[in-house]
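So the structure is just underneath, and the comments pick up after that.
The values are calculated or read from the model by the stated rules, or taken from the named source; none is laboratory data. From a predicted model like this one, the values you see are computed outputs, not experimental measurements. We place every Cβ from the backbone using ideal geometry, glycine too, and count neighbours over all the protein chains shown.
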Ligand code: PLP
């Protein structure tokens, strides 16, 4: 009997070792890590350069509390992240995961309003569906019914606007018109809420688990930035899943030339080697808060020297081996391959994505995008067949029937065309 528990009683194979894009269980069975875990192991497993950097740091020190000591790996990694971030993002706040990163972004935005004489601003508009993390603050921004339902009385749900799931629309609008239509829902919602009460808008630039690699039309991104500027609202990009190369750019915001006010990253930073994330913000936001007495927020493990040494080595490896170029190339091949499967199988309703963040959605009727019949266990059968054949992909089954049943196919950025 196991004394462990996670979400459900489901049990999975016992992991033995992992290397590159492969993982082996204790019985010697090999699996392709087709979703990099939960879109985490971006540079593959057991990278020798990262392991060596961690070992070297371990021999020096494993922890220095941030209020007692600075440490060189944290300083160096912050400099690197600032260099790779959009203009003005010169300040980097380290955390140990995605939920912490989003919480930090939210609290930075709120404290900025608080110290700037804009105390009335506290609402953060987000999209539905969306996933922004497991902690109660991040849950207030998340819109995914099964996750929200038990905690509703405890959390002040923030206003939501529909995510631009254009593949569900049956109108005659062009892509550009659709993008603008969805973005303008933010404007309408701000007006409805009262512009002086709205603090920020948060979005995943390419949707993650909740929407299955949702990419908005080009026109959406710029219009959202314009609307935020018009109403003096901070734009927060949740790049926890998209950041650090996963979509073929270091940050997904680069695809549309958007400079958000605050960016939250995690997953691919530690890349499965360490718990690590970073929140960056435009310098004037951070300065305002620090000048007013300090950011009232922080985590014990923030800026851990082993984590930061690993994070730095991860970034070095991404550039040394041109992993972002490879991501764009093999990501295109993967999407084309999924498209061919869609031609073949009517139960695939849509394929989508960017770089190596791709997904396919299962439906019972493609014309109407009717979700899978709840009484069929086709979804879990597919998960099990994949396991049996040695492939792990990330599955997200919609329980309310509104979010969609999809699989994320997101192998590490070192995956070759042949492996795709
Ligand atoms: N934000 C997004 C977009 C995510 O995809 C996730 C995790 O899947 C999170 C936040 C939360 O990250 P974590 O699970 O590391 O707390």
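One residue stands out in the stretch 302-334 among those that are over 21 Å from the mean Cα position of the chain (by Cα) and part of a loop (DSSP other than H, G, I, E, B): the one that is surrounded by the most Cβ atoms within 10 Å (Cβ to Cβ), namely 304.
One residue is enough: does the stretch 168-182 have a residue meeting the conditions in a loop (DSSP other than H, G, I, E, B) and within 16 Å of the ligand (Cβ to nearest atom)?
Going through the stretch 168-182, the residues in a loop (DSSP other than H, G, I, E, B) turn out to be 169-174.
This time we only want the ones that are within 16 Å of the ligand (Cβ to nearest atom), so: none.
No - not one qualifying residue is present in the stretch 168-182.
Being buried (at least 18 other Cβ atoms within 10 Å of the Cβ) and either assigned by TED's automatic domain parsing to the domain that holds residue 287 or at pLDDT 95 or above (or both) is a description that does not apply to residue 82.
Counting the residues of the stretch 143-161 that are more than 20 Å from the chain's Cα centre (by Cα), surrounded by fewer than 15 Cβ atoms within 10 Å (Cβ to Cβ) and within 16 Å of the ligand (Cβ to nearest atom) gives 1.
Scan the stretch 120-142 and give yes if some residue there is in a helix (DSSP H, G or I), assigned by TED's automatic domain parsing to the domain that holds residue 293 and away from the ligand (no atom under 15 Å from the Cβ), otherwise no.
Just the residues of the stretch 120-142 that are in a helix (DSSP H, G or I), to begin with: 136-141.
Those left that are additionally assigned by TED's automatic domain parsing to the domain that holds residue 293: 136-141.
Pick out the ones that are also away from the ligand (no atom under 15 Å from the Cβ) and you get none.
No - not one qualifying residue is present in the stretch 120-142.
Can you name the residue in the stretch 262-284 that is more than 16 Å from the ligand (Cβ to nearest atom) and surrounded by fewer than 24 Cβ atoms within 10 Å (Cβ to Cβ) and is also farthest from residue 100 (Cα to Cα) among such residues? Walk me through it before giving the result.
Keep residues of the stretch 262-284 that are more than 16 Å from the ligand (Cβ to nearest atom), which gives 281-284.
Now restrict to residues that are surrounded by fewer than 24 Cβ atoms within 10 Å (Cβ to Cβ): 282-284.
Details: 282: 19, 283: 20, 284: 22 Å.
Here the residue is 284.
The set of residues from the stretch 181-206 being surrounded by 18 or more Cβ atoms within 10 Å (Cβ to Cβ) and out of contact with any strand residue (DSSP E or B) (no Cβ under 8 Å at 6 or more places or on another chain) comprises 181, 183, 187. Once the stretch 207-226 is narrowed to residues that are surrounded by fewer than 24 Cβ atoms within 10 Å (Cβ to Cβ) and within 11 Å of the ligand (Cβ to nearest atom), the residue that is nearest to residue 240 (Cα to Cα) is 209. Selection of the stretch 93-114 for residues being more than 8 Å from the ligand (Cβ to nearest atom) and buried (at least 24 other Cβ atoms within 10 Å of the Cβ) yields 93, 94, 95, 104, 105, 106, 108, 109, 112.
Among the residues that make up the stretch 56-66, is at least one of them crowded, with 21+ Cβ neighbours inside 10 Å, away from the ligand (no atom under 16 Å from the Cβ) and in contact (Cβ under 8 Å) with a residue 60 or more places away in the chain?
First, the residues of the stretch 56-66 that are crowded, with 21+ Cβ neighbours inside 10 Å: 57.
Narrowing further to those that are away from the ligand (no atom under 16 Å from the Cβ): 57.
If we keep only those that are in contact (Cβ under 8 Å) with a residue 60 or more places away in the chain too, we end up with 57.
Yes, the stretch 56-66 contains a residue that is crowded, with 21+ Cβ neighbours inside 10 Å, away from the ligand (no atom under 16 Å from the Cβ) and in contact (Cβ under 8 Å) with a residue 60 or more places away in the chain.
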